[in-house]
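Okay, structure first, notes after.
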Amino acid sequence: MPSRKFADGEVVMGRWPGSVLYYEVQVTSYDDVAHLYTVKYKDGTELALKESDIRSQSSFKHRKSQSSSSSPSRRSSSRSRSRSRSPGRPAKGRRRSASQSREHKDDKKKTIQETSLALLVLVLFAGKPSENNTKRYNGEPESTEKNDTSCIMLEQKLKPDLEIKRVLEQYSLRSRKDDKKKEEIYSEKKTFMAVKPIEKVPTKTKELEFGGRIGTFMLIFFLPATVFYLLLMCKQDDPSLLNFPPLPALESLWDGRVFGVFLLWFFLQAVFYLLPVGKVVEGLPLSNGRKLQYRINGFYAFILTAAAIGVLLYLQVELHYLYDHFMQFAVSAAAFSLALSIYLYVRSLKAPEEELAPGGNSGYFIYDFFTGHELNPRIGSFDLKYFCELRPGLIGWVVINLAMLLAEMKIHNLSVPSLSMILVNSFQLLYVVDALWNEEAILTTMDITHDGFGFMLAFGDLVWVPFVYSLQAFYLVGHPITITWPVAAAITALNCVGYYIFRSANSQKNNFRRNPADPKLANLKFIPTATGKGLLVTGWWGFVRHPNYLGDIIMALAWSLPCGFNHILPYFYVIYFICLLVHREARDEHHCKQKYGLAWERYCQRVPYRIFPYIY
């Protein structure tokens, strides 16, 4: 086990990731497993660096002075040998010493000028940090915002080493016969300024979320209990909070046939996922620089599912079977998600270090089991997390809503569904179709890029989404509500406003992430960051920091309003969603502050409201 070289609290020189420049940093901690130092820059940014990318201040200065003094000594010895081979030259006297001294100073001056030129070229052509960030670390004022996206394209295309070599050859301050000396200086400069990017290796998770080990342990039991409580409440004639439902017999909660239907549904969606239709795209770079490939065919899976449901209806298969055994389907989904979570954790124990999730590598069994230990578990090319994120639960949500609509018509002897049920089905169908149509956008979300695949996402995707998000439709079957057309029109308008904010904000963000140099986005202004990315300060993202969350909450309210105001139960979704998005916003805030440092603080000053304008 190699011993650490730098102590906590020590001020050293750390190389900025992906660049050739060193900055003064302070060591905050050391990971004995990954052998990485966590250092803090002056602007508050914290990064993990290898020991080879950190140098002590004294050593750094010593080597730099040595490079400027060693070269003249070698040149002096070279001149001495030349004089010994030329007998016609005068002896070393006072005039020769003065001339030699001037030559020595000129050579030293040229060496310094050439090294300065090399450093200037490095600043101009290095991808990171950008010009603005270099000024910031040197204490100079930084420009407020930019709307010129060409600089981002330039950073991605330039080859720093080739440019340095070309410029040094074109503007060299030395003669050609001094090339050997120039190469010595250049190689000496590269000794302490390597251009190889840092390979990020996930470190142990130090900041535990969701209440840590105790909180995650309780959530493993609290989440299923909440689902079962809500479903039992909806079955009651009086679903008020004070009217606690009677507990059913345990044997009535399990049905082997229901579990078989659930498995059939899950594997049918897996078959649709494996079909060679739809384009293949790359996700964001992983910690080792590799990009995973994803097949975008969720919308095709939805069309095939709709065709299969149509065939079942044509064959007069009773879909209200879902309503009659709704609790049993929820128990089957919960049992399957638990078994899947156990499998995911066991296989993650053999996963390489770089494939572990940044937020689920704490070393505590319960916490890692809940949040997910492995970031992208795959069986061959089958990505388990990506598949569960949109397919079985999200498409299943629409199928459950349709089953509730048919059950309402059968139970209440209706020739057409109620207006309330039509609104709920239509609003939520639009939301699901939008998510599947814009499937590629999910690759940049926190669920894919940061969170591992464990009990939290497995239970959320397979149980919480289909059985809690369909709560309004399930409620309306047993508690019909009659609304007028003007009220329906007002609720529809509210949903349209929320959807417009949600979709336009997400499209703006995704288009900017995919291609910041797109001429269509030339009117957008952004704050540059040390990572090379920009923080939008115009459009919806200049209005609040999370406009997509605002649109989501408005739509959630519109989905609950058709259920009337007799009980608070159908409004559980909007209350839960506000809590969820506020908590997620806090996670985003913490993550972005660590990632972007001072740039994020300036963005928060520019956009003070988080989700609700003038409120929060």
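The values are calculated or read from the model by the stated rules, or taken from the named source; none is laboratory data. From a predicted model like this one, the values you see are computed outputs, not experimental measurements. Positions of Cβ are backbone-derived with ideal geometry, glycine not excepted, and every protein chain shown enters the neighbour counts. Please note that ligands, DNA and RNA were not included when accessible areas were found on the heavy atoms of the full protein model with its side chains. Shrake-Rupley method; radii C 1.70, N 1.55, O 1.52, S 1.80 Å.
A few remarks follow.
- Of the chymotrypsin sites (Phe, Trp or Tyr not before Pro) in the stretch 550-596, those whose Cβ has at most 16 other Cβ within 10 Å and which sit in DSSP loop: 565
- Solvent-accessible area per residue for the stretch 210-481 (1.4 angstrom probe, square angstrom): 43
- Taking GluC sites (Glu not before Pro) across the stretch 204-307, the ones in a DSSP loop with at most 14 further Cβ atoms lying within 10 angstrom of their Cβ are 207.
- Above-threshold pairs, the threshold being 26 Å between Cα atoms, out of 50/385; 42/204; 279/593; 5/204: 50/385; 279/593
- Of the accessible area of the stretch 522-616, computed with a 1.4 Å probe over protein heavy atoms only, carbon and sulfur atoms account for 64 percent.
- On full extension, the segment bounded by residue 503 and residue 214 gains 100.3 nm, given 0.36 nm per residue less the C-alpha separation.
- Cut-off 15 Å, label 7 Å out along Cα→Cβ of residue 222, residues of the stretch 444-468 by amide N: 456
- Remark: spin-label model distance residue 365-residue 381 equals 3.8 nm, labels positioned 7 Å along the Cα→Cβ axis.
- Extension gain from residue 446 to residue 288, taking 0.36 nm per residue of separation minus the Cα-Cα distance: 55.1 nm
- Comparing 49, 14, 27 along the charge dipole axis of the stretch 10-58, the residue lying farthest to the positive side is 14, per the Cβ-charge model.
- Dipole of the stretch 483-615 [Lys/Arg +1, Asp/Glu -1 at C-beta], most positive-end residue of 609, 510, 578: 510
- Each label was represented as a point 7 Å from its Cα along the Cα-to-Cβ direction; for residue 58 and residue 350 these points are 5.0 nm apart.
- Estimated FRET transfer efficiency when R0 is 41 angstrom, pair residue 271-residue 207 (beta carbons, to 0.05): 0.55
- Summarising the amide proton neighbourhood of residue 30: residues at separation of 5 or more, or on other chains, whose placed amide H is nearer than 5 Å comprise 38.
- Between residue 255 and residue 594, the modelled label-to-label distance comes to 4.6 nm, taking each label 7 Å out from Cα in the direction of the beta carbon.
- Dipole in debye (nearest 20) - the stretch 210-481, about Cα centre, beta carbon charges: Lys, Arg +1; Asp, Glu -1: 340
- The stretch 210-481 - percent of accessible surface contributed by carbon and sulfur, probe 1.4 Å: 69
- Cα gyration tensor category, rounded, prolate or oblate, for the stretch 269-360 with a/c compared to 1.5: oblate
- Two-site FRET efficiency, residue 437 against residue 583, from Cβ-Cβ distance with R₀ of 35 Å, rounded to 0.05: 0.80
- Estimated FRET transfer efficiency when R0 is 30 angstrom, pair residue 565-residue 612 (beta carbons, to 0.05): 0.85
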